[in-house]
1. Under a 1.4 Å probe, what is the accessible area of the chain per residue, stated in Å²?
2. Ignoring ligands, DNA and RNA, what percent of the 1.4 Å accessible area of the range 18-70 is carbon and sulfur?
3. Would you kindly state the longest site-free stretch of the chain, with sites defined as trypsin sites (Lys or Arg not before Pro) in a DSSP loop (not H, G, I, E, B) surrounded by at most 13 other Cβ atoms within 10 Å?
4. Count of lysine pairs in the chain with Cα atoms under 25 Å apart, counting only pairs 8 or more residues apart in sequence or on different chains?
5. Relative contact order for the chain: what percent, with Cα pairs under 8 Å and sequence separation of 6 or more?
Amino acid sequence: MTGKKLVENCLVREKKNIYCSCPKTECERHGVCCECIVSHKERKDVAFHVKFPHCLRDQLAEIGYKPIRL
């Protein structure tokens, strides 16, 4: 299934958009968590915390993870 097809068929997208903390509202994956998580996880050569979507970065903060600033 392609990302575009998934976005168009996500049945709970509007409900998720209410709670989505990502500031990039123009992103086609906004509110489609499964597609967003896969996209972030596939990123190469980025800091560890960038591999997590914004909504999951909050959970990193809860466990005390602090990104290393180079």
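1. Values: 5700 Å² over 70 residues.
I get 81 Å² per residue for the chain.
2. The computed percentage sits at 58.
3. Values: sites that count: LYS24, ARG43, LYS44, ARG69.
The longest such stretch corresponds to 45-68.
4. Total qualifying Lys-Lys pairs in the chain comes to 26.
5. Values: 48 pairs, mean separation 17.3, N = 70.
Across the chain, relative contact order equals 25 percent.
The values are calculated or read from the model by the stated rules, or taken from the named source; none is laboratory data. In this text the structure is predicted, and so the values were computed from the model without any measurement. A quick note on method: Cβ atoms are made from the backbone with ideal geometry, for glycine too, and the neighbour counts reach across all protein chains shown. Side chains are part of the model used for accessible areas, which takes the heavy atoms of the whole protein and leaves out ligands, DNA and RNA. Shrake-Rupley method; radii C 1.70, N 1.55, O 1.52, S 1.80 Å.
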